[in-house]
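K.L.:
Handing you a structure now.
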C-alpha cells in the first residue's frame, strides 16, 4: 500500500475521531433544560404567559435550544418591550423580559406605550389614573405623538390631558383634567399651540376654572366659551383695567 494512501487513511481516521469526540462533547454539554428562570418586573399573568411560551420550545438541550426563535416569539407579545436570553450550564435558561410601560389608555380596553405601541393587557388593571386616547385604525403612533406634543405645552401651566380624540380627518379634541375642552384642527398644530401657550400665559395665569371650551382652529386667534356670561365679562373688565 502506497504511503500516500496510508496518509490519506490516517487523515480520514483522525478527522472522524475528532468529529466523534466533538459530537460526544456536544452531547455531554447539551443537557436537557430543566430550569427556566423568567426575570423582570412582570405581573403574575405576564410571568405565567412568558413561562407558557418558553415551554413550547421544551424539551430541548441547553445548547440546542433555539433562542432566536424564542426571543422572536416573546417579543411578538404586545406587552413585551425587549427580551434577553442566557444559557446557564449545565441545565438552565435565564429569560429577562422588559415589559412595555403604559402611559395612556387606548380606546376602551387597550393601553398605549410612549412610542405609540398598542398593549393588550393580560389582566384587568386600574386605568383611572391614565389619560384616554382614541383615533382611527392605524393612528396609535401619531395620536401618541400629538398627546406628547400638546402635553409639553400644557404642562408648564399645570394642565393635564384627560382625553384626546383624533377624528378621521386628523382633527383633535382634548379634554383637560378638571378643565375645559380644547379643539384643534387638522393642520398647523405647531402655530396653534404657540397661540394657545401665549393666551394661557397672558389671559389665564390663574387657571381655566371659568372656561368651558377653547377653540384653536382659527388662523389668527382663539375663541373662548365660558361657563357663564359673567365670567367673560369679568375677564374683559380685568383686561380693560390693565389697559387703563
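Each value in this text was obtained by applying a stated rule to the coordinates, not by laboratory testing. Note that this is a predicted model, so its numbers are computed, not measured. As a convention, Cβ positions derive from the backbone with ideal geometry for all residues, glycine included, and neighbour counts pool all protein chains shown.
K.L.:
Among DSSP beta bridges whose residues both lie in the range 35-99, state the antiparallel percentage, nearest 5.
P.N.:
Expressed as a percentage, antiparallel bridges in the range 35-99 total about 60.
K.L.:
Return, ordered by residue number, the residues of the range 98-132 whose backbone nitrogen is under 15 Å from a label point located 7 Å along Cα→Cβ of residue 160.
P.N.:
103-105, 127-132
K.L.:
Oh, and also: Using a simple spin-label model with points 7 Å from Cα along the Cα→Cβ vector, what separation in nm is obtained for residue 34 and residue 188?
P.N.:
7.3
K.L.:
Follow-up. Expressed as a fraction of 2.2 N^0.38 Å, the rule-of-thumb size for a compact globular protein of N residues, what is the C-alpha radius of gyration of the range 102-243?
P.N.:
Values: Rg = 16.5 Å, N = 142, 2.2 N^0.38 = 14.5 Å.
Against the compact-globule rule of thumb, the ratio is 1.14.
K.L.:
Can you tell me what share of the DSSP beta bridges in the range 102-243 is antiparallel? A percent to the nearest 5 is fine.
P.N.:
Taking every DSSP beta bridge within the range 102-243, about 70 percent pair in antiparallel fashion.
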